[in-house]
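I have placed the structure first, in the form of structure tokens, so that the comments after it can refer back to it.
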Amino acid sequence: MAADTRLAELLDLVVSQGGSDLHIFVGGSPMMRVSGTLIPIAKYPAFTAEETEAILKSIVPAERWELFMKDQAIDLSYAHGTEARFRVNGYRVQGAVALALRLIPHAVRTFTELNLPSTLEVFTQREQGFFLVVGPVGQGKSTTLAAMIERINESRSEHILTIEDPVEYIFTPKKSLIHQREVHIDTPDFKDALQGSFREDVDVIMVGEMRDYETISSAVTAAETGHLVFSTLHTNNAAQTIDRIIDMFPAEQQGQVRVQLAGSLAGIFSQRLIPRISGGLIPAVELLINNNAVSTLIREARTHEISAVIQTSSQEGMIDMDRSLVDLVRRGEVTVEHAYEHASDPKTFETYL
């Protein structure tokens, strides 16, 4: 069977079974992740090295194949018919090609459909500021960002620029003008695209991922100069996110970055996808809103106190992760055991119960 035909069958299966990820590798049957659990697709025999390489080569543009052979890894997006797109990572394992493909549905879901707090609406209506969606890999950060960008698209006449590697959700312009630039195809890197945005009459910028201090510096500058900037980081909570950003800079620049971040930060939203009793996944969340108290803590390098501010500021719209988990338990959405596994402070979580 041709490589592209085998891949199409597997992707059809992921879509029909409600899967989120597909893994193709040498020496075993492909595996699919459904509701957070990896499941072998036993009806497919183990792939050979020649087969996995042929599958990857069938979807990588010819001009990028040489780069893969040089770097031994590649990220790209792949359209599967009219039903879905996939974010693809090709890499090598003991010399053989392996693939990880993540489903990106065509439809951008709403806050309600994603079970996200309505408070996020406030951040989509700001004129400027820096808003981060954070969490470990596979916790729905890109989907949340897409929902926020789509809300702006539906409600405001703005020029929106997304910078992604690769482009994931495809937006259809509604009230806004939307340009989506893909790293390695439309721009050399995130930094260059961000710096170019200052000359492109952009109002809203979405940076798919902040990987270095130059990108972060450009994003913070954009937020300071009248842009609304959204991005993601692979961090666990608000306090850790701020520390990670500061630590990316040389020591002699960290004081200035604290001042910039204290002034430009709008908020930090952290989420975890928890197995739902009724099936599927549901998010537990933390939301930090930058107020005078938080801004002072950032400037004075007292980020270890931020969690306490979140816990005591629910009246301002902030959300504590452990309270969010307890709320899901009380509503009968998740089990105590699953909630406890994701608690940021197990002792605090127990007191809330």
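Considering segment 331-345 alone, what residues qualify as being surrounded by 12 or more Cβ atoms within 10 Å (Cβ to Cβ) and not polar (S, T, N, Q)?
Going through segment 331-345, the residues surrounded by 12 or more Cβ atoms within 10 Å (Cβ to Cβ) turn out to be 333-336, 338-345.
Scanning segment 331-345 gives Glu333, Val334, Val336, His338, Ala339, Tyr340, Glu341, His342, Ala343, Asp345.
So if I check each of Arg330, Arg302, which one is closer than 18 Å to Gln240 by Cβ and of a type in the set (D, E, K, R)?
The unique qualifying residue is Arg302.
Here are some residues: Met206, Met248. Which one is under 21 Å from Val133 (Cβ atoms) and either among the basic types (Lys, Arg) or surrounded by fewer than 20 Cβ atoms within 10 Å (Cβ to Cβ) (or both)? Spell out how you get there, then give the answer.
Details: Met206 fails: either among the basic types (Lys, Arg) or surrounded by fewer than 20 Cβ atoms within 10 Å (Cβ to Cβ) (or both).
Testing whether each residue is under 21 Å from Val133 (Cβ atoms) and either among the basic types (Lys, Arg) or surrounded by fewer than 20 Cβ atoms within 10 Å (Cβ to Cβ) (or both) leaves just Met248.
Would you point out the residue of segment 190-202, among those that are in contact (Cβ under 8 Å) with a residue 24 or more places away in the chain and out of contact with any Ser or Thr (no Cβ under 8 Å at 6 or more places or on another chain), that is nearest to Ser155 (Cα to Cα)?
Val202
Could you figure out which of (1) closer than 24 Å to Val167 by Cα; (2) part of a loop (DSSP other than H, G, I, E, B) isn't true of Ala98?
(2)
Out of the strands (runs of 3 or more DSSP E) lying entirely within segment 188-287, which hold 1 or more residues that are among the acidic types (Asp, Glu) and assigned by TED's automatic domain parsing to the domain that holds His304?
Here the list is empty.
Do the conditions hold for Phe249, that is, is it within 18 Å of Glu209 (Cα to Cα) and more than 21 Å from the chain's Cα centre (by Cα)?
yes
Quick one: Gly140 ticks every box in (1) at pLDDT 95 or above; (2) closer than 29 Å to Ser218 by Cα; (3) in contact with a Pro (Cβ under 7 Å, 6 or more places away or on another chain) bar one, so which box is it?
Unmet for Gly140, out of (1) at pLDDT 95 or above; (2) closer than 29 Å to Ser218 by Cα; (3) in contact with a Pro (Cβ under 7 Å, 6 or more places away or on another chain): (1).
The values are calculated or read from the model by the stated rules, or taken from the named source; none is laboratory data. Remember, it's a predicted structure, so these values are computed and weren't measured experimentally. Glycine gets a Cβ as well: all are built from the backbone with ideal geometry, and neighbour counts include every protein chain shown.
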